[in-house]
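Notes follow the structure.
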Amino acid sequence: MNCLKTDGRLFYIETARTCYVFSIEHGYAEHLYYGAKIPYSDCNALREKRSVILVNTLYPYEDPSYSFDCKGFEFSLPFRGDSRSASVNLVCDDKVFDFEYEGYEKNFRPEQSPMPLPRKYDYALNVRFNDRSHEGVRLETRYLISYDEDVIARYCVLINASGKDIKVLKFSSAQTDMSAENKKLITFHGAWGREMSKMSQDITCGRYTHGSFSGMSSAECNPLFFVSDANAGENSGEVYGFNLMYSASHEISTEKTPYGGLRILHGIQSENLLYTVPSGEKFTSPCSLSTFSDKGFNGASENFHRFVSKAVLRKKEIPVMLNTWEAVYFSMNEDKMKKLADNAAAAGFECLVIDDGWFSGRNDDTTSLGDWREDIKKFPGGMKALSSYFASKGLKTGIWIEPEMISRKSYLFRIQSEYALADDRLRPVVGRSQYILDLTNPAVAKYVEESVSRLVEEYGAEYVKWDFNRRFAEVKAEKGSGYFYDYISALYAILARLNEKYPQLIIENCASGGGRFDLGMAYYTSCGWASDNTNPLSRARIQRGVSYGYPLSFTLNHVAASPGHQTRRASDIKDRINTAFLGVFGVQADISVISEDEADEVRQAVSLYKVFRKELYDSTVYRLFEDGDGYVIMQTLSQDKKSGFLFLMREKFDTVTQLPVIRLKGLEKDKCYRIKGDSTDVCASGETLEKAGLVLPQNYQGAETSDGILNLTDGKTLLLRITQKECL
Ligand code: GLA
């Protein structure tokens, strides 16, 4: 499909509902417009010179009306007249870089890259810029366009054939210049156990950066963010969405200028970056994804969900799993595992994931990472026999591993301490008593690959939970934080090889919960553990945050014990099930120690989930209420618009308050729908449910209760089924 119109000077990239326009002026790639689609024929008007001659700002010698600080560009360099933050900063001898437009390739075919590129796209454009002061140095800006999804993946490549080393101090994937008028920035920050908290702030004059510095995409700041109209809401307003297909330290920055412009930079973290690109080599940034919707945040999220499902994820059906972590922690043995397997199979589970604690010497979290051999004391029959036992019960075997790590107290550290990212001349800095392995050492990469292969080939794993539980301290000093780029490239290469070797293998992405919940890891794994916090009240909020950028089919949720181990908050089994249902469903609790009633609820949930999972994976998700309204309300709708779910979490209850009227989304106006579950049974047309909304039954008011009223108090949930039906 052709998504490009150009006269060789004006470049007009189009998607179904957006366009992205730039023009070559004085050898610079001037960014003219990104947003709701306008006709190509009108774009010359955008190129009209705005003859503002600003006192003090700089311009090309031949054109005094062209003020650098007032124009938008596809990328920018320091010391060239644009005084905003530059997207790219390179050093080579004493000459400043000055990339000038050289040409473009339409229908471009990107070469293999150390960074993941979208699996599918409709069109690719490559634009080339040669450096005027260093012969043989080229910068290329690339655009991979997904037409129906309204997503453009942008990235940059530096090609060095200068005969000299180039030092990279900054290398953003994408620069987006636009008007700063009336904009706000929405990022997702947090910490362990409270990932993906939405933070909205005004964009004010000056430079603002957010991001991660720890070597991981991090729970502190997810790479997903939005820039929107100040008054944009879930269902209305103009919203630009961005995400990065990258799992190491990243940077989001905004700069509002005194001239009314806004520069948005997105890419790898530039703090402490010192990366050498030798002559004869390339440096490729990760892909920055951007989308635009004039239908509010739900519109932008829907674009991202469709894109991620089509172009990022490895499509797999994830088995309904029981995970052993909170059920037994480190206290595991063969008998316990068999008993868990018996119960799991009887309850209809499809997979039992043996979490941390199964390998030799691992009785707490201070030792043995790296020694990925079965613990014969705990499993006298061996792991293979155990996985065969699981198989005889109809269960797949899942095994936890943290393959990028090494405990200080481990056999591996004794014999191969040089594998660790540690320097004995320095005071040891550890997290959970462990170091990270230096994956950039090919011997280490091989060790990691072999360790994971052993789980599959010798122990019978069909599911691997891939964990990562500490952040970086030491790096290879000569690269500074550029080491993270090499590390993550090496990790991606290992994951790619494993995926090729074991196409059926399901890999779960975990990093102390959601510490590396990003599209880089999503590219190589099949589902992601968004947080260790499974308490419904916390979890619903986390899942709401996740839903801004990541589809249900990637988001793994578990029902765990009550009171929740992270929050000590008690919750009903029904609320835990309802909350876990919207995503990839699992349980991490010993179901033999819960009451018969609760076990029954779990059994029913497992069997219901199996019926609906396919629909859920492909469904569109809507957030129905604005953040902070005291509720988390999410709706799903199947692609054929015939069925869905409505989830409601009441975060805070007060006496004598009305439940909100819920206006559903996406329904077919002239079709009839039935909304059923708990004490609710309502039939109305799609039009009525969208315009007037769903009126829920009376809720408990603080006194007296009777049959047929809802009981939505603090942390209580509803899960209602939406089905299209014949109109009466
Ligand atoms: C991390 C994960 C948990 C569990 C433990 C095991 O914290 O997020 O789910 O696997 O490690 O040590």
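Test of understanding: among GLY482, GLY513, which residue is crowded, with 17+ Cβ neighbours inside 10 Å, within 16 Å of the ligand (Cβ to nearest atom) and of a type outside the set (Lys, Arg)?
GLY513
Considering only residues of the range 357-390 that are among the aliphatic types (A, V, I, L, M) and out of contact with any strand residue (DSSP E or B) (no Cβ under 7 Å at 6 or more places or on another chain), which is nearest to the ligand (Cβ to nearest atom)?
Filtering first and then ranking leaves LEU386.
Would you call LYS339 over 27 Å from the mean Cα position of the chain (by Cα) and either part of a helix (DSSP H, G or I) or more than 15 Å from the ligand (Cβ to nearest atom) (or both)?
Yes; evaluated as a whole, the condition is true for this residue.
What number of residues within the range 183-203 satisfy the criterion of being in a strand (DSSP E or B), under 19 Å from SER217 (Cα atoms) and of a type outside the set (Gly, Ala, Ser)?
7
How many residues, within the range 433-477, are more than 27 Å from the chain's Cα centre (by Cα) and among the aromatic types (Phe, Trp, Tyr)?
Number satisfying all stated conditions: 2.
Go through (1) without any contact (Cβ under 8 Å) to a residue 24 or more places away in the chain; (2) within 16 Å of the ligand (Cβ to nearest atom) one by one and return the number of the condition SER407 breaks.
That leaves (1) as the condition not met.
Going through the range 556-573 one residue at a time, which ones are surrounded by 24 or more Cβ atoms within 10 Å (Cβ to Cβ) and either among the hydroxyl-bearing types (Ser, Thr, Tyr) or more than 26 Å from PHE612 (Cα to Cα) (or both)?
SER571
Suppose the filter is modelled with pLDDT of 95 or more, acidic (Asp, Glu) and open to solvent by 10 Å² or more (accessible area, probe 1.4 Å); does ASP355 pass it?
No.
Answer yes if at least one residue in the range 314-322 is in a strand (DSSP E or B) and crowded, with 17+ Cβ neighbours inside 10 Å, and no otherwise.
Checked the range 314-322: at least one residue is in a strand (DSSP E or B) and crowded, with 17+ Cβ neighbours inside 10 Å.
Answer with yes or no whether PRO118 is in the same structural domain as PHE304 (by TED's automatic domain parsing) and surrounded by fewer than 20 Cβ atoms within 10 Å (Cβ to Cβ).
no
Residues being in contact with a helix residue (DSSP H, G or I) (Cβ under 6 Å, 6 or more places away or on another chain), aliphatic (A, V, I, L, M) and closer than 19 Å to GLY267 by Cβ: count how many of those fall in the range 160-210.
So the answer is 0.
Whether any residue in the range 190-207 is modelled with pLDDT of 95 or more, open to solvent by 10 Å² or more (accessible area, probe 1.4 Å) and closer than 30 Å to VAL137 by Cβ is what I want to check.
Taking every residue of the range 190-207 in turn, at least one turns out to be modelled with pLDDT of 95 or more, open to solvent by 10 Å² or more (accessible area, probe 1.4 Å) and closer than 30 Å to VAL137 by Cβ.
So which residues in the range 434-455 are surrounded by fewer than 17 Cβ atoms within 10 Å (Cβ to Cβ) and closer than 18 Å to TYR411 by Cβ, if there are any at all?
Matches in the range 434-455: ALA443, LYS446, GLU450.
Could you list, in sequence order, all residues of the range 586-617 that are of a type outside the set (S, T, N, Q) and within 16 Å of the ligand (Cβ to nearest atom)?
GLY586, VAL587, ALA589, ASP590 - these are the residues of the range 586-617 that are of a type outside the set (S, T, N, Q) and within 16 Å of the ligand (Cβ to nearest atom).
Out of THR176, THR141, THR187, I need the residue that is open to solvent by less than 30 Å² (accessible area, probe 1.4 Å), more than 25 Å from ASN107 (Cα to Cα) and among the hydroxyl-bearing types (Ser, Thr, Tyr). Which one?
The match here is THR187.
Residue under question is LYS393, and the condition is that it be touching a residue at least 40 places away in the same chain (Cβ under 8 Å), among the charged types (D, E, K, R), open to solvent by 60 Å² or more (accessible area, probe 1.4 Å) and within 16 Å of the ligand (Cβ to nearest atom); does it hold?
Against the criterion (touching a residue at least 40 places away in the same chain (Cβ under 8 Å), among the charged types (D, E, K, R), open to solvent by 60 Å² or more (accessible area, probe 1.4 Å) and within 16 Å of the ligand (Cβ to nearest atom)), LYS393 does not qualify.
Which of the following residues is over 30 Å from LEU616 (Cβ atoms), among the aliphatic types (A, V, I, L, M), modelled with pLDDT of 95 or more and away from the ligand (no atom under 14 Å from the Cβ): ALA540, ALA522, ALA461, ALA493?
ALA493
Collect the residues in the range 620-644 that are among the aromatic types (Phe, Trp, Tyr) and within 15 Å of LEU659 (Cα to Cα), keeping them in residue-number order.
Those that are among the aromatic types (Phe, Trp, Tyr) and within 15 Å of LEU659 (Cα to Cα): PHE625, TYR631.
Can you name every residue in the range 81-97 that is closer than 14 Å to HIS134 by Cα and part of a loop (DSSP other than H, G, I, E, B)?
Those that are closer than 14 Å to HIS134 by Cα and part of a loop (DSSP other than H, G, I, E, B): CYS92, ASP93, ASP94, LYS95, VAL96, PHE97.
Run down SER638, SER607 and say which single residue is polar (S, T, N, Q), under 17 Å from LYS665 (Cα atoms) and either open to solvent by 40 Å² or more (accessible area, probe 1.4 Å) or not assigned by TED's automatic domain parsing to the domain that holds ALA511 (or both).
Of the residues listed, the single one that is polar (S, T, N, Q), under 17 Å from LYS665 (Cα atoms) and either open to solvent by 40 Å² or more (accessible area, probe 1.4 Å) or not assigned by TED's automatic domain parsing to the domain that holds ALA511 (or both) is SER638.
The values are calculated or read from the model by the stated rules, or taken from the named source; none is laboratory data. Since we're looking at a predicted model, the values are computed, not measured. Reconstructed Cβ throughout: ideal geometry from the backbone, glycine too, with neighbour counts over all protein chains shown. Note: areas computed on protein heavy atoms with side chains; ligands, DNA, RNA excluded. Shrake-Rupley method; radii C 1.70, N 1.55, O 1.52, S 1.80 Å.
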